[in-house]
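Here is the structure we will look at, set down as structure tokens.
The values are calculated or read from the model by the stated rules, or taken from the named source; none is laboratory data. For clarity, every value in this text was computed on a predicted model and none was experimentally measured. In this analysis, Cβ positions are derived from the backbone assuming ideal geometry, glycine residues included, and neighbour counts consider all displayed protein chains. Heads up: the accessible areas ignore ligands, DNA and RNA and are worked out on the full protein's heavy atoms, side chains in. Shrake-Rupley method; radii C 1.70, N 1.55, O 1.52, S 1.80 Å.
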Amino acid sequence: MNYLKVFSPATVANVSCGFDSLGFAVDTVGDEMTFTKTASKGVKITNITGAKLSYNVDENAASAVVQKMLIEAKADFGVELTISKGYSPGSGLGSSAASAAGAAFGANQLLGNIYSELKLVKFAMYGEEVACGSQIADNVAAAIYGGFVLIRSYDPLEIVKLPVPKELRLVAIHPQVEVKTKDAREVLPKQIDLKDAITQWANVGGLISGLYANDYKLISNSLVDIIVEPYRKKLIPYFDNVKNAALKSGALGAGISGSGPTIFALCKGDKSASDVHSAINESYKNKGIEYTLFTSKINNQGIKILESN
Ligand code: HSE
């Protein structure tokens, strides 16, 4: 393969109870990236649209990943890439992760598909470190594997792909305020009560059981975060209004997407998703804060090849 264009999905990390260990991929929102083999070695970004990101190969999450992979694989070619951001960085929808994961996937195709998905997650985690200072796997793993993923262990890295109940739908609102992941991590407590830990890990177990059993009631009961959300919601204007509106209109659960400010709701079926979409819209209009709002299926495939030759 000498050229490919991919779609790399947005992702919702944490999924309420699973801080840094759960995530899922979004079907309709994401980035498009192209990768072209060049005879001369090295990596070059030739175009970025949709966001202001660095063209510096070492500073951009995507190019940094491609460069690392070409060096590690001792490639005798270079790569030119373009990035078309489908949504804004700093949204809580895994923007840098979509770029880093897309880059790992694209470079691997040009290298002849030599790396496993797990190894691609490791490369993409390096991109996350370049972009935001920490090697977090929940967003990049969800983008690469698709569907829901559990980061069962960070060291050694172990990822479990979880099933996606067919009728599950996402509604997400992105208020146009900036929440930096670094800041959203700094507000978190360093220690938690054993009592709270018990509640939280029981909910993680419940959510995963619910996904396997197609048990929407169990999924709903388990979409609860008593550890991270109370601290982070203060960074998101009108978080409680949105969450209450979503739950009152029939959402299975609602919470902060990744480190925010996007607020996500999970719903059973298209009709419920449409009701929740309207209720969230009502709850945010006239608040003086611009926002985008979308409904999507869960992406079970991960990164998709749109064109290649
Ligand atoms: N799990 C991460 C967090 C996602 O919530 O901080 C953002 O990278």
Given the whole protein assembly as supplied and a 1.4 Å probe, what does the accessible area of R169 come to in Å², nearest 10?
30
Please identify every one of the GluC sites (Glu not before Pro) in the stretch 23-130 that sits in a loop by DSSP and has no more than 15 other beta carbons within 10 Å of its own beta carbon.
E59
Considering only DSSP states other than H, G, I, E and B, which trypsin sites (Lys or Arg not before Pro) in the stretch 243-294 qualify as loop sites with at most 15 other Cβ atoms within 10 Å?
K285, K287
To the nearest Å, what is the center-to-center distance of the stretch 180-248 and the stretch 56-82, using C-alpha atoms only?
36
Using the Karplus equation 6.51 cos²θ - 1.76 cosθ + 1.60 (θ = phi - 60°), what ³J(HN,Hα) coupling, rounded to whole Hz, does each residue of the stretch 247-257 give in order, writing x for Gly and Pro?
5, 5, 8, x, 5, 5, x, 8, x, 8, 7
Exactly which GluC sites (Glu not before Pro) in the stretch 134-198 are in a DSSP loop and have at most 16 other Cβ atoms within 10 Å?
E167, E178
Put one equal scatterer on each alpha carbon of the stretch 168-297, apply the Debye formula with no solvent term, and list log10 I(q)/I(0) at q = 0.09, 0.15 1/Å to two decimals.
-0.26, -0.72
Once you have the Kirkwood Rh of the chain from its Cα pairs, apply Stokes-Einstein at 25 °C and 0.890 mPa s and quote D in µm²/s.
127
Per residue of the chain, what 222 nm ellipticity follows from adding -39500 (n - 2.57) for every DSSP H run with n ≥ 4, rounded to the nearest 500?
-11500 deg cm²/dmol
Set the Förster radius R0 to 35 Å, insert the Cβ-Cβ distance between N214 and E59 as r into 1/(1 + (r/R0)^6), and round the FRET efficiency to 0.05.
0.20
Correct semi-axes for the stretch 149-227, from √(5λ) of the alpha-carbon gyration tensor and rounded to whole Å with the largest first, are 24, 19, 15
So, with +1 on the Cβ of K and R and -1 on the Cβ of D and E, and no other charges, what is the size of the charge dipole of the chain about its Cα centre, to the nearest 20 debye?
260
GNM on the chain, C-alpha springs below 10 Å: top fluctuator among A73, A97, A265?
A73
Per residue, how much accessible area does the chain have with a 1.4 Å probe, in Å²?
43
State to the nearest 20 debye the size of the charge dipole of the stretch 121-193 about its Cα centre, where the only charges are +1 on K and R beta carbons and -1 on D and E beta carbons.
220
Rounded to the nearest 0.05, what FRET efficiency is calculated for D240 and T49 with R0 set to 25 Å and r the Cβ-Cβ distance?
0.10
Rounded to the nearest 0.05, what FRET efficiency do K119 and D193 give with R0 = 35 Å and r taken as the Cβ-Cβ distance? Could you check?
0.40
Taking the alpha carbon gyration tensor of the stretch 218-271, what are the square roots of 5 times its eigenvalues, largest first, to the nearest whole Å?
19, 12, 9
Residue by residue through the stretch 182-197, the couplings from Karplus 6.51 cos²θ - 1.76 cosθ + 1.60 with θ = phi - 60°, in Hz, x for Gly and Pro, are 4, 5, 5, 8, 5, 7, 7, x, 7, 10, 10, 5, 4, 4, 5, 4
Near-label residues of the stretch 103-130 by backbone N, under 17 Å of a point 7 Å along Cα→Cβ of D155
122-123, 125-126, 129
